Amino acid sequence: MADENPTAITRAEVEHVAGLARLGLSADEVDRLTHELAGILIHARDMGELDLSGVEPTSHPLPLVNVVRPDEISPSLDRDEVLAAAPAVQDNQFRVPRILEAP
Amino acid sequence: MSTKTQWMPVIGLEVHCELATNTKLFCSCANAFGAPPNTNICPVCLGLPGSLPVLNARAVEFSLRLAEALNFTVPDKSVFARKNYFYPDMPKDYQVTQFELPILQAGVIDVDGVTIGIERAHLEEDTGKSSHMGGGGRIHDAEYSLVDYNRAGVPLLEIVSRPDIRSAEQARGYVSELRAVLLAIGVSDVKMEEGSMRVDANISLRASEADEFGTKVEIKNMNSLRSLGRAIDHEIDRQAEALETGETIIQETRHWDENENRTSGMRSKEGSSDYRYFPEPDLVPVAPTAEQRAAVRDSLPELPARRRERLIEAWGITLPDARILVDVPGLADYAEAAVAALAGGAARDVVNLCTGDLLAYLNETGRTLAAIALDPAGLADLADLIGDGTLSRSLAQEVFAACVADGSSPRAVVAEKGLAQVSDTGELGTILDAVIAANADAVAQYHAGDDKERKKKRGFLMGEAMKASKGQGNPQLLNQLLDERLV
């Protein structure tokens, strides 16, 4: 651990998470974010010390449930218009670069 | 391979089932298989900025139907979550699924008398379909890929069994029963070949029931019940062999190759924490009400196990026949309608026609029951004609083929082609007398021969008589009349 605090985060972890999110961070940014994320994690740890046994976890800020729509079809977008916005198109499909590296 | 240890497989199955809704899970694009590429797409399922998902009410109703059918617990509240990963078949770069709080928990299903536990079932959206171009269409060798987003956002129920399954055969039984249930309650068309039902298997081995679970391996890409069974058996053998030689099993995902008849390792999987699940802020929790659950309960049809039992009891048919009737979409309904329309014929004959000629016809032509020319009343007519002796089984087959081709009524075909079975003793007697006169040698050999020879000659004479009657002689009557003449 780069920090003596048990909830802190290492540079390697920040780089791993940035990689998962496809973020290219400079060394300075990794330093800054390691520090800032550690602060957030410490804050979360502080909350973890409170007795919250009677408090339901919040999954949404509004007290709403069951917002649904009927199962009825509406027209979709015009395909040509959508594909015109794509970087590459072939046979009416989105053409994307190879997905996996060769093994 | 010398097996010192009798390894015991521990198997859990994840079944992804596409729900037969009209629209997608979070938008009003059509949920349709086989539409031209990228014709059922909108800002929501393309993940365009500013678009917002709204849950399809029917997907919830379908989940609740499954809850009633398989005794799931329905939690007061379930929550959607984002599973984050980058892959071109997910235009949003995350999949909306359910993680900590699924819509259904702890169900059970009876598979050939054994209760298999179901851990959970959760709602999630399907991904788009990618075709890999170049390199023989394999993802690793492809030069690029083409993506069709028609399937992106189609509702899926992922049904996760407990690790209660102990053999490939039981795994097949589990999937087969689950499929029958999903079909019966009308929530999916469950076609493994078209991908509307997909099965992944988690397999590990241990030396005895008392041991802890071994390291599990996930296998994917089985697109039929047959390949599911073969893939599991193969993976059990592979792991047993590895354990015998002291190898360590690696936790990984392996890909079943149907042509090569083997599994091979895929890229190593991201760990669950790498998906960075978090509650989907654009969707509110689902909290099924007592009214919703009651409405579903009241509209639930008879379930496959119960229906099989009832048909076996009512019609005296075998379990395999009952299974076929219940497993083929619409076949049990068709058979029941035909039996109800019988006028003197036997249910047994209806079932034989359904599981024999009719099923063969459906398999050959790829038609569905709704699209065939012969309706249940017509099939009942045919069974009546068998029942009253007008048609033998082989003649009935001929009449069936004619009727199913153009929808003509069995009685019309019988009259037009003059196919009715001949049961006139005088007419059949005349035919037999002619056959005996023309085959005096055979008759002589019959009388001189031993049991074996007699049987052979008798069969020959019977065949000649049947031929002379153009296949229309009543077999029982012909037999009886022949016996009288050979005394």
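The values are calculated or read from the model by the stated rules, or taken from the named source; none is laboratory data. A quick note: this is a predicted structure, and the numbers were derived from the prediction, not measured. Cβ atoms come from the backbone with ideal geometry, glycine included; neighbour counts cover every protein chain shown. Heavy atoms of the whole protein, side chains included, go into the accessibility calculation; ligands, DNA and RNA do not. Shrake-Rupley method; radii C 1.70, N 1.55, O 1.52, S 1.80 Å.
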Of B:LEU353, B:LEU303, B:LEU283, the only residue that is in contact with a Phe, Trp or Tyr (Cβ under 7 Å, 6 or more places away or on another chain) and under 30 Å from B:LEU101 (Cα atoms) is B:LEU283
When restricted to B:TYR144, B:TYR149, B:TYR174, the only residue away from every other protein chain (no Cβ under 13 Å) and surrounded by 15 or more Cβ atoms within 10 Å (Cβ to Cβ) is B:TYR174
For region B:13-34, name all the residues that are more than 9 Å from chain A (Cβ to nearest Cβ), touching a strand residue (DSSP E or B) at 6+ places or on another chain (Cβ under 6 Å) and either over 20 Å from B:GLN98 (Cα atoms) or open to solvent by less than 10 Å² (accessible area, probe 1.4 Å) (or both).
B:LEU13, B:VAL15, B:CYS17, B:LEU19, B:LEU25
Can you tell me how many residues in region B:184-221 are over 14 Å from the mean Cα position of the chain (by Cα) and either within 13 Å of B:TRP256 (Cβ to Cβ) or outside the structural domain of B:ALA32 (by TED's automatic domain parsing) (or both)?
8
Kindly check whether there is at least one residue in region A:40-62 that is open to solvent by less than 80 Å² (accessible area, probe 1.4 Å) and facing chain B (nearest Cβ under 7 Å).
yes
Just one of B:LEU382, B:LEU374, B:LEU359 is in contact (Cβ under 8 Å) with a residue 24 or more places away in the chain, surrounded by 12 or more Cβ atoms within 10 Å (Cβ to Cβ) and under 20 Å from the mean Cα position of the chain (by Cα); which is it?
B:LEU359
Quick one: how many residues across region A:75-103 are facing chain B (nearest Cβ under 7 Å), under 19 Å from B:CYS45 (Cβ atoms), open to solvent by 50 Å² or more (accessible area, probe 1.4 Å) and part of a loop (DSSP other than H, G, I, E, B)?
2
Out of all the residues in region B:64-110, which are of a type in the set (Phe, Trp, Tyr) and either free of Cβ contacts under 8 Å to residues at least 40 places away in the same chain or open to solvent by less than 20 Å² (accessible area, probe 1.4 Å) (or both)?
B:PHE72, B:PHE80, B:PHE86, B:TYR94
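Give me a count of the residues in region B:159-171 that are within 18 Å of the chain's Cα centre (by Cα) and surrounded by fewer than 21 Cβ atoms within 10 Å (Cβ to Cβ). Break it down into steps so the answer makes sense when it comes.
Initially, region B:159-171 is screened for residues within 18 Å of the chain's Cα centre (by Cα), giving B:159, B:168-171.
Applying the additional criterion that residues be surrounded by fewer than 21 Cβ atoms within 10 Å (Cβ to Cβ) yields B:169-170.
The qualifying residues number 2.
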Within region B:43-63, is even one residue touching a helix residue (DSSP H, G or I) at 6+ places or on another chain (Cβ under 8 Å), outside any loop (DSSP other than H, G, I, E, B) and either more than 10 Å from chain A (Cβ to nearest Cβ) or open to solvent by 10 Å² or more (accessible area, probe 1.4 Å) (or both)?
yes
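For (1) of a type outside the set (Gly, Ala, Ser); (2) touching a helix residue (DSSP H, G or I) at 6+ places or on another chain (Cβ under 6 Å); (3) not in a helix (DSSP H, G or I), each residue gets a yes or a no:
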{"residue": "A:GLY24", "(1), (2), (3)": "no, no, yes"}
{"residue": "A:GLU29", "(1), (2), (3)": "yes, no, no"}
{"residue": "A:ALA38", "(1), (2), (3)": "no, no, no"}
{"residue": "A:ASP51", "(1), (2), (3)": "yes, no, yes"}
{"residue": "A:GLU56", "(1), (2), (3)": "yes, no, yes"}
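B:SER2 - would you say it is hydroxyl-bearing (Ser, Thr, Tyr) and modelled with pLDDT of 95 or more? Don't jump to the end; show me each part of the working.
On the way: hydroxyl-bearing (Ser, Thr, Tyr): yes; modelled with pLDDT of 95 or more: no.
Against the criterion (hydroxyl-bearing (Ser, Thr, Tyr) and modelled with pLDDT of 95 or more), B:SER2 does not qualify.
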